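Presented below is the structure to which this report refers.
The values are calculated or read from the model by the stated rules, or taken from the named source; none is laboratory data. All values reported here derive from a predicted model rather than from experimental measurement. Glycine also receives a Cβ, built like all others from the backbone with ideal geometry; neighbour counts cover every protein chain displayed.
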Amino acid sequence: MCSICGNRATSYGQASCHGKIRELLILFGVISPGSIRTDRVTKREYYMDAGVPDYLIVDVDARMIERWSRGRDTPEVLRDRLEWHPVGASAPLILSLTEFFDHILAQMQLIGNRGAQ
């Protein structure tokens, strides 16, 4: 799980790594074979109800990201590019998903090859 936090007070509690989380701006979850339903349904509903503006579900096998946003009944399916521009940011974060997934899959292959030795 990866999150990006803001500085306005909300009810998200505390994080042990960087002090208090005051506001989650975006949250990434990576699907694993045993958690597909949990990630796509249970966690999504929980985070949307908690007020997280964007919950992104990374599906490495399908090479896509589902972007769930408050107020939407269906996800935005991203295959080529992720663009995220939170309020107050001077420029958006732009990520080539082709490059991202190529890198992730190459790293997974390296790890798999190391385990086979």
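Of all the residues in segment 49-77, those that are in a loop (DSSP other than H, G, I, E, B) and either crowded, with 20+ Cβ neighbours inside 10 Å or acidic (Asp, Glu) (or both) number 3. Would you check if Ala89 is within 17 Å of Ile26 (Cβ to Cβ), exposed (fewer than 12 other Cβ atoms within 10 Å of the Cβ), without any contact (Cβ under 8 Å) to a residue 60 or more places away in the chain and small (Gly, Ala, Ser)? Here the answer is yes, as Ala89 does meet what is asked. Only one of the numbered conditions (1) free of Cβ contacts under 8 Å to residues at least 60 places away in the same chain; (2) surrounded by 13 or more Cβ atoms within 10 Å (Cβ to Cβ); (3) within 14 Å of the chain's Cα centre (by Cα) is not met by Leu25, and that is (1).
Tell me which residues, restricted to segment 92-113, are without any contact (Cβ under 8 Å) to a residue 12 or more places away in the chain, among the aliphatic types (A, V, I, L, M) and not in a helix (DSSP H, G or I). Matches in segment 92-113: Leu93 only. The set of residues from segment 34-62 being aromatic (Phe, Trp, Tyr) and within 26 Å of Ser96 (Cα to Cα) comprises Tyr47, Tyr55. For segment 15-43, the tally of residues that are at pLDDT below 85, more than 16 Å from Arg70 (Cα to Cα) and assigned to a strand (DSSP E or B) stands at 3.
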